1. Identify the GluC sites (Glu not before Pro) of region B:155-186 meeting these criteria: DSSP loop state and at most 15 other C-beta atoms within 10 Å of the C-beta.
2. Can you give me the long-range amide H partners of A:ILE67? Hydrogens built in the peptide plane at 1.01 Å from N, cutoff under 5 Å, separation of 5 or more residues or another chain.
3. Mind jotting down the three principal axis lengths of region B:22-117 based on Cα atoms? Whole angstrom, largest first.
4. Which far-off residues, 5 or more places away or on another chain, put their amide H under 5 Å from the one on A:ARG27, with H placed in the peptide plane?
5. What are the ³J(HN,Hα) couplings of region A:91-101, residue after residue, when phi is run through the Karplus curve with 6.51, -1.76, 1.60 and θ = phi - 60°? Round to Hz, x for glycine and proline.
6. Answer with one residue from B:LEU59, B:PRO27, B:ASN37: the one whose Cα lies farthest towards the positive end of the charge dipole of region B:17-73, charges on Cβ with Lys, Arg +1 and Asp, Glu -1.
7. Taking amide H atoms as placed 1.01 Å from N in the peptide plane, list the residues 5 or more away in sequence, or in a different chain, whose amide H sits under 5 Å from that of A:SER19.
8. Based on the alpha carbon coordinates of region A:88-139, what radius of gyration and maximum Cα-Cα distance (Dmax) apply, in Å?
Amino acid sequence: MSVLDILRGVPDPEIPVVSVVDLGIVRDVRDDAVVITPTYTGCPATLAIEKSIREALDASGHADMRIETVLSPPWSTDWISEEGREKLRAYGIAPPSRHQARCPHCGSAHTEEVSRFGSTPCKALHRCLDCAEPFDRFKCH
Amino acid sequence: MRERALRLGDDSLILGQRLSEWCGHAPMLEVDLALSNIALDLVGQATLFLGLAGNADELAFHRDVLDFKNCLLVEQPNGDFAQTVARQFLFSNWQELMLRELCDSKEFGAIAAKSVKEVAYHARYASEWVVRLGDGTEESRARMVAGLDWMWRFVDELFDDETAGLRGEWDARIDAALMEAGLDRPKARRGIKGGRDGHHSEHLGHLLSEMQFLPRAYPGAVW
């Protein structure tokens, strides 16, 4: 099993349906190190993510690999993979896009923003005006 | 370079701590989430900037008030929600412009480029609330005016030798939002300075006593 495949099995602690690879947190895998980048500077999940990656590496015989953190270029939602976006949608979170948010429940584009900030640093709160369900949207960042 | 890192880190740390005082007390749930999220971003930035000046935890929890280099604006009490919005509006608009310039810096560029995206979001959020409160009811408008009036005296300090060139663009942004809110710019007054040299208002000591209590009472404590 390649190191990248191992990392594909490490879930994001706050949105466990996507992996740290889907979210673009894993930037590079070298022979001696995994290079990661934080999403938001103050995201409390950052430490938890590093710990889960460490545990996954140790458990698969890669205890000698280091974890390196880089800031540049800054993470943006463009780093989220297509597969990651699809998983978010299926989970009930509208993936980031430059267009009007689509309701992840009924697919309607007739939606409005309720609050710029949501339950985690990366999400905003929206509401569907057709099916009336509230939903989280991954902020464009 | 260490001095600049302390200024940048302390501004974010102190405002982040201030904002977190709203957690569980904000006028509504959405605002509670927003202010806590902004506080988180700021504390995250502080950790990175202070990390350039030394050990971030050591600097945050084991310095006394005279050693803090934050501007006076960020240590001002929250007051009512309008006063908190006024402080955020004036500061985030300045911080965004300041960080944008800092993106080219060798020492601070990577942190600035990461932080500026977050701060742009804070500035938009605060500006929207200035318009909503200013252009709202008689009560909300009166509170917004009072909040801006209180915070305005701390604006001049933001523009020191390194950031004086940002004043024109900052003025234009502030005026545009105030115009949309139907508010006048507060009367010019003699600005109060001193935070960058460690001369703080009495408010900072109280903030630190709460923020630093635990690591000082139990040195080396871990979760």
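What follows is calculated from the coordinates using simple rules that are stated; it is not laboratory data. Here the structure is a predicted model, which means the values were calculated and not measured. Glycine also receives a Cβ, built like all others from the backbone with ideal geometry; neighbour counts cover every protein chain displayed.
1. For GluC sites (Glu not before Pro) across region B:155-186 that sit outside H, G, I, E and B with at most 15 neighbouring Cβ atoms in 10 Å, the list reads B:GLU162.
2. Counting only residues 5 or more places away or on other chains, the set is A:VAL34.
3. 41, 30, 21
4. For A:ARG27, the qualifying residues are A:VAL35, A:ILE36, A:THR37.
5. 7, x, 10, 5, x, x, 7, 7, 9, 3, 5
6. Most positive-ward Cα: B:LEU59.
7. A:ASP12
8. Final numbers for Rg and Dmax: 9.5, 27 Å.
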